[in-house]
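Q: Here it is, the structure in full.
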Amino acid sequence: MPRISAPSAIGDAPAAAQALLQEAQTRLGRVPNLLKMLANSPPALEGYLGLRAALDKGSLSEATRRRITLAVTEMNGCDYCLSANIFFGRQIKLDDAELTANRNGASNDMQANAAVRLASKIASGRGHVSDADVTAFKAAGYSDAQLVELVLQVALATMTNYVNEVTGTEIDFPIVHKRTIQRTI
């Protein structure tokens, strides 16, 4: 059950959030509950959408960003984000074996595996990783820019996980629950 209210319609949101929610409605065909919850603070909604849009322009692929988000989200235990990211992962053709690997902190794609494993280490170590961890990521063909983007993708996933868990955002995707898993890192 939600701990705070979220606007039920775009017109019920704070005025400064309405245009942002309308843009999401146009792009997605609906306004996910996460965005409605963030609309309680128009600057928070703007910040989330801005960082997401910036990372969408980065050099990590959408599939890699989704894989990273799933690994971090499973680690953080956020059912809302698991449900949303499994839904969107399937839309970009990640199969069930890949989605399961991602939730376990890995990938069946060799290059993406390096990114997902590093993201998992960043999340579990609260940013503390070894030189060897970064070297393995770069040895898989990733750049310095992609390292920075990966860290910000971990931060974005963590932020949304925390917002949803603290506020009790109602899941508006096919429900997927966190599970106890064996990490591959």
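Q: Say a paramagnetic label sat at a point 7 Å from the Cα of ALA97, along Cα to Cβ; which residues of region 107-143 have their backbone N under 18 Å from it?
A: Correct set: 107-114.
Q: Going by the alpha-carbon gyration tensor, a ≥ b ≥ c the square roots of its eigenvalues, is the chain rounded (a/c under 1.5) or, if a/c is not under 1.5, prolate (a/b greater than b/c) versus oblate?
A: Values: a/c = 1.96, a/b = 1.67, b/c = 1.17.
Cα axes put the chain in the prolate bin.
Q: How high is the relative contact order of the chain, in percent, counting Cα pairs under 8 Å that sit 6 or more residues apart?
A: On the way: 245 pairs, mean separation 58.3, N = 185.
Averaging sequence separation for qualifying contacts and normalising by length gives 32 percent for the chain.
Q: Let me ask another. Would you mind computing, in nm to one decimal, how far apart the modelled labels at SER124 and VAL148 are, each placed 7 Å from Cα along Cα→Cβ?
A: 2.8
Q: Nearest 0.05, what FRET efficiency do ILE4 and LEU49 give at R0 = 22 Å with Cβ-Cβ as r?
A: Values: r = 19 Å, r/R0 = 0.88.
Efficiency, rounded to the nearest 0.05: 0.70.
Q: Going by a ≥ b ≥ c, the root eigenvalues of the Cα gyration tensor, does region 62-167 fall in the rounded group (a/c under 1.5), the prolate group (a/b larger than b/c) or the oblate group? It would help to have the intermediate numbers written out before the result.
A: Working: a/c = 1.95, a/b = 1.26, b/c = 1.55.
Since a/c reaches 1.5 but b/c is at least a/b, the shape of region 62-167 is classed as oblate.
Q: Which GluC sites (Glu not before Pro) in region 110-185 pass both tests, a DSSP loop state and at most 15 other beta-carbon atoms within 10 Å?
A: Working: sites: GLU149, GLU165, GLU170; in loops: GLU170.
Filter output for region 110-185: GLU170.
Q: Would you mind classifying region 1-83 by shape? Square roots of the alpha carbon gyration tensor eigenvalues, ordered a ≥ b ≥ c; an a/c under 1.5 is rounded, otherwise it is prolate if a/b is larger than b/c and oblate if not.
A: Numbers: a/c = 2.17, a/b = 1.39, b/c = 1.56.
The shape class here is oblate.
Q: With each run of n ≥ 4 DSSP H residues scored as -39500 (n - 2.57), what mean residue ellipticity at 222 nm is computed for the chain after dividing by its residue count and rounding to the nearest 500 deg cm²/dmol? Spell out each step's value before the answer.
A: Numbers: 9 runs with 119 residues, N = 185.
It lands at -20500 deg cm²/dmol.
Q: What order do you get for LEU28, LEU99 when you list them from fewest to most C-beta neighbours inside 10 Å? All intermediate terms of the calculation are to be shown ahead of the outcome.
A: Details: LEU28 11, LEU99 20.
Neighbour counts put them in this order, fewest first: LEU28, LEU99.
Readers should treat all values here as calculations from the given coordinates under stated rules, not as data from a laboratory. Because the structure is predicted, anything quoted here is derived from the model rather than measured. Note that each Cβ is placed from the backbone with ideal geometry, even for glycine, and that neighbours are counted across all protein chains shown.
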